[in-house]
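Report on the structure given below.
The values are calculated or read from the model by the stated rules, or taken from the named source; none is laboratory data. Being a predicted model, the structure only gives us computed values, none of them experimental. A quick note on method: Cβ atoms are made from the backbone with ideal geometry, for glycine too, and the neighbour counts reach across all protein chains shown. Surface accessibility is based on the protein's heavy atoms, side chains included, excluding ligands, DNA and RNA. Shrake-Rupley method; radii C 1.70, N 1.55, O 1.52, S 1.80 Å.
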Amino acid sequence: MNPDIQIKHGFGDVVFEMPIEEVVAILGEADECETIDNAADETTTILRYTDRMTLFFEGDCPTLSCIDINDEEATLFGKKVFDLGEKEIVRLMVDNQYFEQDIDNEVWGERRITFGEGNIDFYFEDDELLSVIIGI
């Protein structure tokens, strides 16, 4: 699979709003599958592909809404994103016209940088990128 992160579109051949069946046809069976019911009588289905990504599906006919990427080969704007530090990622985003950013230190110890206009979050621990989360 092509490991290219496409902001507001998807990751490689997996694109937002795909149903679970189409994603499984591309990626194969997930290592783990979990279904969570929330208070609003909505269901979220989570597919985990160890060392690559976690996919979140929502809605009555569940479609892909969010991807948590931890694939070391993932690229963003042509750069291997997991090889970059915090400052390099901020520069990469700004160079590609994503300026609005929010930085927060999470209670559990990770540092999060969010670029709201791109629906993308970067999670760091000691300047090492741990995860990239993208959404619609």
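Multiplying the residue separation of residue 46 and residue 22 by 0.36 nm and subtracting their alpha-carbon distance yields 7.2 nm.
Highest mean packing comes first when the peptides 101-107, 52-58 are listed by Cβ atoms within 10 Å, giving 52-58, 101-107. The share of alpha-carbon pairs in the range 41-136 lying farther apart than 16 Å comes to 58%.
For the chain, the share of accessible area belonging to carbon and sulfur comes to 45 percent (1.4 Å probe, ligands and nucleic acids excluded). Based on protein heavy atoms only, the chain ends up with 55 Å² per residue of surface accessible to a 1.4 Å probe. Label sites at residue 128 and residue 94, each approximated as a point 7 angstrom past Cα along Cα to Cβ, lie 2.6 nm apart. Direction-averaged projected area, Cα convex hull, the range 1-63: 4.5 nm², rounded to one decimal.
With axes computed from alpha carbons, what is the tilt in degrees of helix 86-95 against the longest principal axis of the chain, rounded to the nearest 10 within 0 to 90? Compared with the principal axis, the helix lies near 80 degrees.
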